[in-house]
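Asker: One structure, pasted below without further comment.
The values are calculated or read from the model by the stated rules, or taken from the named source; none is laboratory data. Everything numeric in this text was worked out from a predicted model, so none of it was measured. Glycine also receives a Cβ, built like all others from the backbone with ideal geometry; neighbour counts cover every protein chain displayed. Accessible surface is based on the protein model in full, side chains and every heavy atom, while ligands, DNA and RNA are left aside. Shrake-Rupley method; radii C 1.70, N 1.55, O 1.52, S 1.80 Å.
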Amino acid sequence: EAASVDGASRFRQFASITTPLLTPVIFFNLVIELIKSIQAFTSAFIVSGGTGGPVNSTLFYTMLLYKKGFTFFEMGYASAMAWVLVIVLGAMTAFVFFTSKYWVYYEDGGRS
């Protein structure tokens, strides 16, 4: 209300008031969806029957990891692939957490 009384447009109100207050929610969803998108397995497994689909069209990294470990019984290779996945996801998540101090707004300044 104060912004509209001061003459701020609807866009300025959204950009300056609403968006900063939504950044903690955006941050949480970004981290969760980042992890979820890298670990896509179930839908590809169901659609392709665990084979990777026609011409490997559903052969995601996690599907390849599953095939190496449980179809070809190359457990060492699958374990190494899983560790690479953990390291890459950890690095990507750490990057998002590191940059969050520049774009996530907390009313108390992040001191809680």
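Asker: Yes or no: PHE45 assigned to a helix (DSSP H, G or I) and surrounded by 12 or more Cβ atoms within 10 Å (Cβ to Cβ)?
Answerer: Spelling it out, PHE45 is indeed assigned to a helix (DSSP H, G or I) and surrounded by 12 or more Cβ atoms within 10 Å (Cβ to Cβ).
Asker: Here's another thing I want to ask about it. Any residue in segment 21-36 that's farther than 15 Å from THR93 by Cα and among the hydroxyl-bearing types (Ser, Thr, Tyr): show its pairings with residues that are open to solvent by less than 80 Å² (accessible area, probe 1.4 Å) and outside any helix (DSSP H, G or I) at Cβ separation under 8 Å, as long as the two are six or more apart or on different chains.
Answerer: THR23/VAL104
Asker: Output the number of residues of segment 73-101 satisfying the condition of being open to solvent by 50 Å² or more (accessible area, probe 1.4 Å) and part of a helix (DSSP H, G or I).
Answerer: The number of residues fulfilling the criteria is 17.
Asker: Continuing with the same structure: All but one of (1) more than 25 Å from the chain's Cα centre (by Cα); (2) in a loop (DSSP other than H, G, I, E, B); (3) surrounded by 14 or more Cβ atoms within 10 Å (Cβ to Cβ) hold for ALA40, so report the exception by its number.
Answerer: Of everything listed in (1) more than 25 Å from the chain's Cα centre (by Cα); (2) in a loop (DSSP other than H, G, I, E, B); (3) surrounded by 14 or more Cβ atoms within 10 Å (Cβ to Cβ), ALA40 misses just condition (1).
Asker: Does segment 52-72 include one or more residues that are assigned to a loop (DSSP other than H, G, I, E, B) and either within 30 Å of ALA15 (Cα to Cα) or in contact with a strand residue (DSSP E or B) (Cβ under 7 Å, 6 or more places away or on another chain) (or both)?
Answerer: Looking for residues that are assigned to a loop (DSSP other than H, G, I, E, B) and either within 30 Å of ALA15 (Cα to Cα) or in contact with a strand residue (DSSP E or B) (Cβ under 7 Å, 6 or more places away or on another chain) (or both), one finds none in segment 52-72, hence no.
Condition check ((1) modelled with pLDDT under 90; (2) open to solvent by 70 Å² or more (accessible area, probe 1.4 Å); (3) assigned to a loop (DSSP other than H, G, I, E, B); (4) under 25 Å from THR99 (Cα atoms)) across all residues:
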{"site": "GLY7", "(1), (2), (3), (4)": "yes, no, yes, no"}
{"site": "ARG12", "(1), (2), (3), (4)": "yes, yes, no, yes"}
{"site": "ALA15", "(1), (2), (3), (4)": "yes, no, no, yes"}
{"site": "THR18", "(1), (2), (3), (4)": "yes, no, no, yes"}
{"site": "PRO24", "(1), (2), (3), (4)": "no, no, no, yes"}
{"site": "PHE27", "(1), (2), (3), (4)": "no, no, no, yes"}
{"site": "ILE32", "(1), (2), (3), (4)": "no, yes, no, yes"}
{"site": "LYS36", "(1), (2), (3), (4)": "no, yes, no, yes"}
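Asker: Suppose we keep only residues that are open to solvent by less than 70 Å² (accessible area, probe 1.4 Å) and polar (S, T, N, Q) within segment 48-70. Which one would you say is farthest from PHE97 (Cα to Cα)?
Answerer: Residue satisfying both the conditions and the ranking: SER48.
Asker: Look at ALA3 and say whether it is of a type in the set (Gly, Ala, Ser) and over 30 Å from TYR106 (Cα atoms).
Answerer: Considered against the rule, which asks whether it is of a type in the set (Gly, Ala, Ser) and over 30 Å from TYR106 (Cα atoms), ALA3 comes out as no.
Asker: Oh, and also: Does MET92 count as of a type in the set (A, V, I, L, M, F, W, C) and free of Cβ contacts under 8 Å to residues at least 40 places away in the same chain?
Answerer: no
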